[in-house]
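Heads up: the structure comes next, in structure tokens.
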Amino acid sequence: MPDCCAFCRAELPDIPEAIDAGWIPSYWDAQKDVEVYRPVCGQCLSRGEVIFNDQMGDYERIPVNDPTLVLASGVPV
Ligand SMILES: [Zn+2]
């Protein structure tokens, strides 16, 4: 089963390709207070879906107005 981006559903390419494209393997969900083991693509990173938290040393999804709404509405593939 191919893995895909946690946000835009882009399919995870081969690992070397994924690294080149800036994918990350997991991120911290600050609202749910859990580590989410889903990859995130470079495009979603550059859109600010998750940001690098220097203090944590991890990528973090920061609470926005209502992230559940964003997730529920989904993004067309
Ligand atoms: Zn994405």
* **Relative frequency of Cα-Cα separations exceeding 15 Å in the range 15-61, percent** => 40
* Structure fact -> Between E35 and residues 5 or more places away or on another chain, the pairs with built amide H atoms under 5 Å apart involve D29
* Relative exposure of Y37, Y27, judged by other C-beta atoms within 10 Å (fewest first) -> Y37, Y27
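Only the coordinates and a few stated rules stand behind these numbers; no lab work does. What you see is a predicted model, and the numbers here were worked out from it, not measured in a lab. Glycine also receives a Cβ, built like all others from the backbone with ideal geometry; neighbour counts cover every protein chain displayed.
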